[in-house]
Structure formats: C-alpha cells, structure tokens
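Asks: First the structure, then my questions, so here it is.
The values are calculated or read from the model by the stated rules, or taken from the named source; none is laboratory data. All of these numbers come straight from a predicted model, not from anything done at the bench. Here the Cβ positions follow ideal geometry from the backbone for every residue, glycine too, while neighbour counts run over all protein chains shown.
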Amino acid sequence: MNAIRKNFLPLSTLAAAVLATVGTAVAAENEELTELTKPGSKVSLGIGHVSKDNQRFGQYTGLNEDGVYGLVDVDIVQRDEATGTWLMLNGRNLGFDNRELRFEHERQSDWGYFIDLSQTPRFDPYTVTTTLTGIGTTTQTVAGSATAQPYHLKTERDTVTLGFNKEFTSNLGLQVRFRNEEKDGERLWGQGTFGTWRFLTDPIDQTTRQIDATLNYTTEKLQLTGGYYGTAFENRNNVLNVPGCAIFTGCDQMGLPPDNESHQLHLAGGYNFSKMTRGTFKFAVGRITQNEAYATTPVAGAPGSLDGRIDTTLVQAGLTARPMPKLSLRADVRYEDRDDKTPVFVYFPSNFATPTTATSDGTNEPRDIKTTAGKFEASYQMPMDFRLTGGLDYVEKTRNSPPVRSVSFRETTEETSVRAELRRSISETLTGALSYIHSNRGGSEWLVSTFVSSATFATSSNQIAPLHLADRDRDMWRLTFTWMPIDPLSLNLRLDQARDEYSGRGFGVVDQAVRKGKAENYSLDAAYSFTNDVQGTAWYSVNDTALESVQCRSSNGDVCTPGTQQVWGSDVQNLADSFGLGLRAKLNPKLELSADVYQSKVRDEIELSTIAGTSVTPIDDVINTKVTSVKLSAKYALQRNSGVRAMYIYDRYRTDDWTWANWNYSPADGGTTVLQEPVQKVNFFGVSYFYRWR
C-alpha cells in the first residue's frame with residue numbers, strides 16, 4: 001500500500017500545482033487585457049553609428065554619412081478612467097532626418113484631435129561634378145565656375161497634419177483633416193536640343209495643402225458619407241533664368257511647375273434593402289484649375305496665362321444580392337468624365353516655318369477622357385465544397401483627337417474581360433484556387449499622323465501604335481495553395497502568369513509583325529512555430545516581365561516596305577528573384593532575439609536590332625543589380641520595466657548599370673558628369689536603453 005502511494009502526489013501538492021498553473025495563465029491573460037485597455041508608456045534613448053558615407057542606405061533616412069546618430073523613440077499614453085479621455089504622444093526616429101512626432105487627445109465616442117509632424121528627406125543617389133553655379137537658386141550659369149565641383153543634391157519635405165473628429169450622435173459624425181507640406185531643395189534637371197545637353201537643377205521651394213472634411217451618417221439600413229476634398233499647390237519659383245543660353249531661342253528662361261488647385265464635392269453610401277440585398281453608390285464633381293501668369297508673353301495676341309480648367313464627374317452604382325443560399329451576385333456600373341475646358345490659343349506660330357514636317361500647329365492641346373465601365377459577377381457553391389465564380393468586365397475610353405499628330409491615334413478603346421475561378425477546400429489542411437482571365441482590347445479606326453500645312457493639314461502614316469491604344473489579347477492564369485500539413489507549419493504558394501499579344505497595325509510582308517508581352521510571378525512563403533516563443537518565416541519570389549515589339553517608320557500609306565523604311569525590333573526584359581528569412585525567439589523571460597536576411601537580384605536586358613531596311617544603332621546590354629540586407633536585434637530586460645536593445649544592420653548594394661557609370665553632358669555644358677558608386681557596403685550598429693511605465 002505504501003509502495004503504491006509513493007507513485008502519486010499528495011492531493012494538497014497536486015491542488016497547489018493546478019492552482020499555480022491556472023494562476024499563471026490568468027495572470028498572463030490579465031496582463032494582455034491590461035495592455036489593451038490601459039497601454040503603457042515607453043521611452044527609448046541610445047546611439048547608432050554608420051560605418052561609411054553612402055548614397056543608397058540612407059537615401060530616405062538621413063543615415064548617409066559616416067558618424068554617430070541619436071536613437072530616440074517616445075510613446076507616452078495617459079488615460080482618465082473617469083471620463084474615458086486619452087492623451088498620447090508618439091515619436092519615431094527623432095534622432096534621424098526622417099523623424100515623426102504625433103500628439104493626440106480624444107474622448108472615446110465623443111471628440112478627438114491630433115497634430116502630426118513629420119520630416120522626409122531624399123538624398124539623390126548620384127554624384128554630380130559640374131561647373132554650373134547657382135545650384136538651388138532661380139538663376140544658374142552654365143560653366144560659371146572655372147573648376148568642376150562635386151555635389152550631392154537633396155530634397156526635404158516637412159509636413160504638418162491637423163485632424164479633428166466629433167460624434168454628434170450615435171449615428172452622426174464629422175471628420176476634418178488638414179495637411180500642409182513644405183518641400184525644398186534641388187533635383188536633377190536640364191535642357192537640350194539637336195544633340196546638345198546641358199545640366200541644370202530644379203530649384204524646389206513648394207507648398208502643397210490638402211483639406212478633407214467628411215460627414216458620416218449611419219442607420220441600420222442606410223450609410224452615407226459626404227464631404228469636400230481640396231488641394232492647393234504653390235511654387236514660389238515660377239521661372240529658371242539661364243543667362244547666356246544660346247542653344248535655341250528662348251532657352252534663357254525655363255518654366256517651372258505652376259500654381260494650381262482642385263476642389264471636389266462627393267457623396268457615397270449604401271443601403272441594405274434586405275439581409276440578402278445591398279446597394280451602393282458614389283457621386284462626385286470636381287474642378288481643377290491652373291492660372292499662373294506667364295513669365296513672358298509667348299507671342300503677340302496670346303493671353304497672359306493659361307486659364308486652365310478641367311471639370312470632372314464621377315457616378316458609380318452597385319448591387320450585391322444572394323437570391324439563393326448558394327448563389328451570390330454582384331453588379332457595378334461606373335462613369336467618369338474628364339472635361340478639359342482650357343481655352344485654345346496659338347502660342348508658337350513659328351512652327352509654320354516648316355509646314356510639311358512640323359508636328360505641332362503651335363496651339364495647346366486640351367485632353368478629354370470619358371470612361372464607362374461595367375462589371376458583373378456570379379458565385380455559386382457547388383457540390384464537394386467547390387465554389388465557382390464567373391465574371392464579365394467592360395471598359396470603354398473615349399478621347400479627343402488632337403488636330404496635329406506625330407503618331408497614330410484612335411479616339412476610342414474598348415476592353416472586354418471574361419474571368420472564372422474555381423476554389424475548393426481540398427482537405428482540412430489544404431485550400432486551393434485556380435482562376436483565369438481573358439481580355440480583348442480593340443477600338444475605333446486608327447487616325448493617321450498629321451503634319452502642319454499652310455493651306456491644310458497634310459496627312460501621312462506610320463506604324464507606331466502607342467502601347468495603351470494598341471489592340472491586345474491578354475490571358476492571365478493564377479494558381480494559389482494554402483497548406484498546413486502540421487499545426488506549427490503553414491505554406492502559401494502563388495503562381496501568376498500573363499501573356500499579351502499586340503496587333504492591329506499591318507507591316508505588309510514583314511514576318512516579325514507579332515508583338516508579345518509577358519508577366520510571371522511565382523512566390524512561396526512559409527511560417528513555422530518551433531515553440532510558442534520561437535517562430536521562423538521564409539519566402540521566395542520570382543518576377544519576370546518582358547516585351548517584344550517590332551516597329552516601322554513609314555512616310556506614306558499603311559504598308560511597311562522593307563528596304564525603303566526602317567524596321568527594327570525592340571526587346572526588353574526585367575527579371576527579379578528575391579528571398580527572405582526571419583526568426584523571432586524569446587529565449588527566456590529576459591532575452592529576446594530577432595534576425596532578418598533579405599536579398600534581391602534584378603536583371604534588366606535591353607536589345608535593339610535591325611530587322612530590315614537601313615540599320616539602326618544596335619543595343620544589346622544587360623544591367624545587374626543586387627541588394628543584400630542583414631538585420632540582427634537583441635533585447636535584454638534589466639528589470640521588469642527596463643532594458644537594453646542592441647541591433648546590427650549590414651547593407652550591400654551592387655550594380656553594373658552602365659547608364660550612370662559615367663554620364664557626360666555635351667562639351668558646351670562645361671564638362672558635367674553624373675555617376676554612382678557601383679558597390680556600396682554599409683554597417684550600422686546601435687544600442688539603446690528603454691524604460692516602460694503605467
């Protein structure tokens with residue numbers, strides 16, 4: 001009897017163990033609940049070091065120079081339990097150039113407001129060595145310096161966002177947002193004609209303002225959202241002066257982006273006709289204007305400003321229904337009208353000097369676009385857990401045709417798409433879907449190119465069909481699988497493939513008239529939980545996009561005659577494969593580790609070759625770019641509410657991009673070069689101390 005009892009714990013001991021386990025679980029749940037209902041505050045202070053100057057690693061953060069940087073993050077939260085009022089202050093990257101700071105004050109289900117401050121830099125990844133003077137100003141002199149100096153151009157955005165919301169009743173609320181962005185700095189720019197290229201910079205000193213006010217009304221059946229959205233763009237620099245410019249008439253002054261503004265009123269909503277039927281709608285009208293005064297009058301008789309105006313209208317209606325338990329239906333109709341009401345004037349009548357070849361009659365070109373789109377979809381639950389979904393989409397775009405055209409043009413394009421998807425839960429751990437879309441784009445008759453003539457418009461033709469207007473057949477396939485073979489492991493596979501064939505412009509006897517495009521995307525990602533405290537992730541993706549085209553330059557008629565006209569092939573391909581690994585581990589109550597590895601390889605292939613007729617300058621080149629990044633982090637708790645965090649980042653960028661290996665401008669420019677470092681390696685170390693409280 002005693003021997004048997006030795007194999008069992010005393011009831012008091014067993015009960016104590018059970019109570020301790022339950023108590024630990026309850027304490028953990030209570031801590032999670034407390035974190036949700038009463039989040040704590042946290043402050044983190046530290047220093048980081050960048051190993052060397054760079055142009056890519058710190059392009060948008062400001063970590064572009066060798067040296068020490070401050071690591072400062074703030075997250076302060078206070079809550080008044082009696083009134084349900086929250087007071088929050090959140091700061092990120094306060095020691096970097098891409099810092100963010102947000103103050104928020106709100107009372108739940110009543111009112112709230114916030115102030116958001118952010119700064120976003122952009123350091124140009126290229127090194128410019130130039131004799132240009134006046135960089136960043138509105139007066140720049142080409143070859144103004146006797147010796148060339150290196151420059152690293154930069155822009156910076158400082159943004160202030162204000163927000164306010166008020167709940168008047170349980171179903172009526174107001175939201176107002178105002179955003180002011182100041183952007184200044186300089187970026188690459190230039191001017192050129194007839195083989196002469198000169199380096200300049202765009203002097204940026206701009207303000208963009210946005211305001212968005214919406215009123216929301218909600219009942220059990222009706223939901224409405226209406227309001228106003230407006231923007232205003234102000235450029236304090238409206239013209240760039242280039243003293244002594246003589247490469248073409250009028251190049252001593254160059255226009256910069258003009259002031260403009262837009263206004264829109266909108267109303268959207270939905271109505272539940274029944275539990276199985278719901279309707280939606282949207283209506284919006286807007287106006288875009290630009291009336292900046294010209295620096296100089298272009299020509300006698302022309303107005304002093306463009307007086308540009310575009311009116312926009314949007315109407316959309318939709319209906320979803322489930323007439324039977326296994327059948328779901330959806331229908332949508334959308335209409336958009338972009339009506340360009342800008343007055344038309346002759347601004348450059350000098351184009352009439354060579355009427356047989358000029359591709360502009362000197363007038364500005366308003367552009368109207370009307371888009372009508374419709375969509376219908378049906379989904380049916382079939383036996384054996386199959387769900388079949390089918391749909392029909394239609395898009396029609398109508399554009400105004402300019403009176404003088406340098407390439408072929410068509411006023412209307414129509415695209416019809418038919419799609420189908422079959423989805424099934426193959427087992428409790430495996431779900432798969434296969435979808436297919438076929439679309440066909442055509443349109444109205446092609447309009448030949450038109451040249452200016454003193455008496456009438458002289459017509460010609462060429463074989464160039466702009467990509468967005470060309471006839472196209474597209475086939476798209478997508479296969480997806482989600483598999484969880486065991487509880488801690490999940491796998492997701494996705495295969496996308498698209499094939500395009502362009503036609504519609506005959507090349508006569510040219511055999512290579514078929515033009516093709518393709519896009520393929522293959523991705524696999526996995527997640528595995530080794531334990532509750534250790535999780536790993538991995539992913540791999542391949543993207544392959546290519547376009548094969550044939551072009552012909554024809555002076556008359558629609559027939560391309562090899563030997564008389566040039567026929568050339570243009571093949572481009574972008575191939576990218578990337579992978580990533582991630583690990584999160586809580587080794588003990590005090591120590592947490594994380595690791596991420598990422599690598600991406602991009603290959604761009606460019607080939608331009610002669611097919612028939614006069615030879616063209618061949619291009620057959622490859623550009624390879626490889627980015628590798630390793631991020632390691634460790635967090636150690638010194639006490640329950642404080643600790644230290646250390647991190648290490650390795651970043652390597654390598655490219656053999658010949659286009660920026662050593663770009664040289666024309667000799668008349670004064671010898672400006674633009675280049676980038678082909679290999680850039682950066683190490684970043686950081687350590688910080690954090691403290692939390694409630």
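Asks: Filter segment 493-517 down to residues that are part of a strand (DSSP E or B) and exposed (fewer than 15 other Cβ atoms within 10 Å of the Cβ) and give me whichever is modelled with the highest pLDDT. Spell out the reasoning first.
Replies: Within segment 493-517, the first condition is being part of a strand (DSSP E or B), and the residues that meet it are 493-503, 515-517.
If we keep only those that are exposed (fewer than 15 other Cβ atoms within 10 Å of the Cβ) too, we end up with 499, 501, 503, 516.
Values: Arg499: 94, Glu501: 89, Ser503: 78, Lys516: 86.
This residue is Arg499.
Asks: Could you run through segment 130-143 and say how many residues are touching a residue at least 60 places away in the same chain (Cβ under 8 Å) and either more than 31 Å from the chain's Cα centre (by Cα) or assigned to a strand (DSSP E or B) (or both)? So that I can check it myself, show each step before the final result.
Replies: Start the filter on segment 130-143 by keeping residues that are touching a residue at least 60 places away in the same chain (Cβ under 8 Å), which leaves 130-132, 135-143.
Retained after the next criterion (residues that are either more than 31 Å from the chain's Cα centre (by Cα) or assigned to a strand (DSSP E or B) (or both)): 130-132, 139-143.
Residues in segment 130-143 being touching a residue at least 60 places away in the same chain (Cβ under 8 Å) and either more than 31 Å from the chain's Cα centre (by Cα) or assigned to a strand (DSSP E or B) (or both): 8 in total.
Asks: How many of the residues making up segment 214-267 are assigned to a loop (DSSP other than H, G, I, E, B), within 28 Å of the chain's Cα centre (by Cα) and surrounded by fewer than 14 Cβ atoms within 10 Å (Cβ to Cβ)?
Replies: Residues flagged as assigned to a loop (DSSP other than H, G, I, E, B), within 28 Å of the chain's Cα centre (by Cα) and surrounded by fewer than 14 Cβ atoms within 10 Å (Cβ to Cβ) within segment 214-267 amount to 1.
Asks: If only one of Lys282, Lys183, Lys275 is part of a loop (DSSP other than H, G, I, E, B), out of contact with any helix residue (DSSP H, G or I) (no Cβ under 8 Å at 6 or more places or on another chain) and over 29 Å from Gly671 (Cβ atoms), which one is it?
Replies: Details: Lys282 fails: part of a loop (DSSP other than H, G, I, E, B); Lys183 fails: part of a loop (DSSP other than H, G, I, E, B).
Of Lys282, Lys183, Lys275, the one residue that is part of a loop (DSSP other than H, G, I, E, B), out of contact with any helix residue (DSSP H, G or I) (no Cβ under 8 Å at 6 or more places or on another chain) and over 29 Å from Gly671 (Cβ atoms) is Lys275.
Asks: Can we say Gly163 is surrounded by 15 or more Cβ atoms within 10 Å (Cβ to Cβ) and not in a loop (DSSP other than H, G, I, E, B)? Give the derivation first.
Replies: Values: surrounded by 15 or more Cβ atoms within 10 Å (Cβ to Cβ): yes; not in a loop (DSSP other than H, G, I, E, B): yes.
Yes; evaluated as a whole, the condition is true for this residue.
Asks: Hey, can you tell me all the residues within segment 305-337 that are closer than 21 Å to Asn260 by Cα and either part of a loop (DSSP other than H, G, I, E, B) or in contact with a Cys (Cβ under 7 Å, 6 or more places away or on another chain) (or both)?
Replies: Leu306, Asp307
Asks: Another question, if that's okay. Scan segment 383-397 for residues that are within 30 Å of Ile369 (Cβ to Cβ) and among the β-branched types (Val, Ile, Thr) and report the count.
Replies: Residues meeting the conditions: 1.
Asks: Can you tell me which condition Ser44 does not meet? The list is (1) out of contact with any Ser or Thr (no Cβ under 8 Å at 6 or more places or on another chain); (2) at pLDDT 95 or above; (3) among the hydroxyl-bearing types (Ser, Thr, Tyr), and all the others hold.
Replies: Every condition holds for Ser44 apart from (1).
Asks: Failed condition for Asp558, given (1) touching a Phe, Trp or Tyr at 6+ places or on another chain (Cβ under 9 Å); (2) at pLDDT 90 or above, with all others met?
Replies: (2)
Asks: I would also like to ask the following. Test each condition in (1) surrounded by fewer than 18 Cβ atoms within 10 Å (Cβ to Cβ); (2) free of Cβ contacts under 8 Å to residues at least 60 places away in the same chain; (3) part of a loop (DSSP other than H, G, I, E, B); (4) under 22 Å from the mean Cα position of the chain (by Cα) for Pro125 and report the one that comes out false.
Replies: (2)
Asks: From the list Gly95, Gly91, Gly136, which residue is touching a Phe, Trp or Tyr at 6+ places or on another chain (Cβ under 7 Å) and buried (at least 16 other Cβ atoms within 10 Å of the Cβ)? Working first, answer last.
Replies: Details: Gly91 fails: touching a Phe, Trp or Tyr at 6+ places or on another chain (Cβ under 7 Å); Gly136 fails: touching a Phe, Trp or Tyr at 6+ places or on another chain (Cβ under 7 Å).
Within the list Gly95, Gly91, Gly136, the selection yields Gly95.
Asks: Being of a type in the set (A, V, I, L, M, F, W, C) and assigned to a loop (DSSP other than H, G, I, E, B) is the filter; apply it to segment 462-484 and report the residue that is modelled with the lowest pLDDT.
Replies: We begin by selecting, within segment 462-484, every residue of a type in the set (A, V, I, L, M, F, W, C); these are 464-465, 467, 469-470, 476-477, 479, 481, 483-484.
So of that shortlist, the ones also assigned to a loop (DSSP other than H, G, I, E, B) come out as 464-465, 467, 469-470.
Numbers: Ile464: 67, Ala465: 73, Leu467: 81, Leu469: 87, Ala470: 85.
The selected residue is Ile464.
Asks: From the residues in segment 668-692 that are of a type in the set (A, V, I, L, M, F, W, C) and within 24 Å of Val68 (Cβ to Cβ), which one is farthest from the chain's Cα centre (by Cα)?
Replies: Our first condition is that a residue be of a type in the set (A, V, I, L, M, F, W, C); within segment 668-692, this holds for 668, 674-675, 679, 682, 684-685, 687, 690.
With the extra rule that they be within 24 Å of Val68 (Cβ to Cβ), the set shrinks to 682, 684-685, 687, 690.
On the way: Val682: 26, Phe684: 28, Phe685: 30, Val687: 33, Phe690: 34 Å.
If we take residues in segment 668-692 being of a type in the set (A, V, I, L, M, F, W, C) and within 24 Å of Val68 (Cβ to Cβ), then Phe690 is farthest from the chain's Cα centre (by Cα).
Asks: In addition: Here is a list: Thr208, Thr201. Which entry is in a strand (DSSP E or B), among the β-branched types (Val, Ile, Thr), over 30 Å from Thr131 (Cα atoms) and under 27 Å from the mean Cα position of the chain (by Cα)? Spell out how you get there, then give the answer.
Replies: Working: Thr201 fails: over 30 Å from Thr131 (Cα atoms).
Of Thr208, Thr201, the one residue that is in a strand (DSSP E or B), among the β-branched types (Val, Ile, Thr), over 30 Å from Thr131 (Cα atoms) and under 27 Å from the mean Cα position of the chain (by Cα) is Thr208.
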